Amino acid sequence: MKTYLPQIERRILVRPNQTYGILNYDLDNAYPQRMLELVAGSPTAKDCWNKRAKFIGGNGFEADGLGKQIINTKGLTLAKLLKAMATDKALFTGFGIHVNYNANFKIASVNYIKFEDIRMGDTDCPETANKFAIYNDWGRKTWKNIMRSKVIFLDKYDPDPTVVQQQVDDAGGWDKYKGQLLYFNPEIDDYPLIEADSVWEDFETEAGIKIFNNREVTTGFLPSTMLFMKSRREEADNSRPDADEFGGINTPSQLEQDLGAFQGTKSAQKIIVIEYEDENSKPEFKAYPIQNNDKLFETTERSVEARIIKGFSVPKELVNAEKSSGLSNGGEKKQAIIEFNDNTAPDRLELAETLAEVFSHFYTNINPAGNWAITPVPAIAADDSPGIKAGNAINDLLSSAIPLQNKIAALVYAYGFKQAEAEAMCK
């Protein structure tokens, strides 16, 4: 018996691309690039990504001075490599490290490769199987077509000297050998989804709300209006010699220009003058009713924000800290930091184990202690801050046995609360 669930679709489709000898990352081969653009347009998603990256990277390495070690001729340090790896791990759940060897089969240099630039080689193609294609414009933002000559193929990471020698021989010698790529991927022979793929539609929704709000501001919050008129006072001359070449590009009439200048944030106080010959040709503006967008968008924005935060598995106290109660003693945020450190501990461990593996084959011992552990973000509550002290004092006042009216008066005159607020706090 076959089961068909029409409401469930695969988030990405992986198909062989015979032109480049790779496996496409979704049908358009641009899933990571699309997700990056969506996250960039969503303030909440960008904040959640940054929070995950910060906690995965922690406060750097436990070993003193380890982060300052330079690992290639371009001056890349271990601290910068860790930050780049944590950033990709936070969104794409994976990362890429490029290594190259010297003639003693020791790793001589380590480089970071953007995760979105990596594509797996087609396993059915002998020339690209067990290889990875590196290209910086799979999404075709810069060039209309992918330039095959600029696609670089790297061998799969394997520090075994016999494997490295075979790869060097296949490349035609050490001078032509391009090294290996350690492609950390939680999936097996497949591409991973981003961390919050289940809510990527909400990224787009939040970006759309932002665009809507901007359009409302730039049009001066003018109501949606229909213009009825018998005839224009002046028709624009669109009989240009090159009209065929620039089809669809018309010169606006004087009325259209005036109406356009009337809108906008800097034109709210302007007066527009419209001339008409008789009463029958008088233009008529009529506003047509629409839904209450303010309330509708406000509700939508809150629900979208909550789903994005949940999709990234970030405690809401770390994203919406400014919305927390002013009476908080810092315990909620401290607990959220502890919880998020626990949730991201496996990610830090994976980064530490990967670095330990790679640099165990480095040409020099840059970490004699062998400690690759990453320090978590410290969960320190600023108990001595003025805001926390005031919150504790108010909590003590509310829990005291003094008369209700005295409590209300203290909240109003000593702490600046409004009468209604003070009464509600004392209930």
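The values are calculated or read from the model by the stated rules, or taken from the named source; none is laboratory data. These numbers come from a predicted model, not from an experiment. Cβ sites come from the backbone with ideal geometry, for glycine too, and all protein chains shown count toward neighbours.
Look at (1) small (Gly, Ala, Ser); (2) more than 25 Å from Val163 (Cα to Cα); (3) not in a loop (DSSP other than H, G, I, E, B) and you find that Gly75 fails only one, number (3). Within segment 150-163, the set of residues being surrounded by 14 or more Cβ atoms within 10 Å (Cβ to Cβ) and farther than 24 Å from Tyr135 by Cβ comprises Pro159, Val163. Contact map, segment 389-410: residues that are surrounded by 11 or more Cβ atoms within 10 Å (Cβ to Cβ) and part of a helix (DSSP H, G or I) paired with residues that are of a type outside the set (A, V, I, L, M, F, W, C) and at pLDDT 75 or above, Cβ distance under 7 Å, separation 6+ or inter-chain. Pairs shown: Leu397/Lys407; Leu398/Lys407; Ile408/Glu423. Of all the listed residues (Glu187, Glu195), the sole one being more than 23 Å from Lys46 (Cβ to Cβ), of a type in the set (Asp, Glu) and either within 19 Å of the chain's Cα centre (by Cα) or assigned to a loop (DSSP other than H, G, I, E, B) (or both) is Glu187. Among all positions in segment 84-97, there is no residue which is assigned to a loop (DSSP other than H, G, I, E, B), modelled with pLDDT of 95 or more and over 30 Å from Val304 (Cα atoms).
The residue of segment 173-204 that is surrounded by the fewest Cβ atoms within 10 Å (Cβ to Cβ), among those that are small (Gly, Ala, Ser) and under 18 Å from Glu305 (Cβ atoms), is Ser198. Considering only segment 40-65, state which residues are surrounded by 21 or more Cβ atoms within 10 Å (Cβ to Cβ) and either part of a loop (DSSP other than H, G, I, E, B) or of a type outside the set (Phe, Trp, Tyr) (or both). The answer is Ser42, Thr44, Ala45, Cys48, Arg52, Ile56, Gly57, Gly58.
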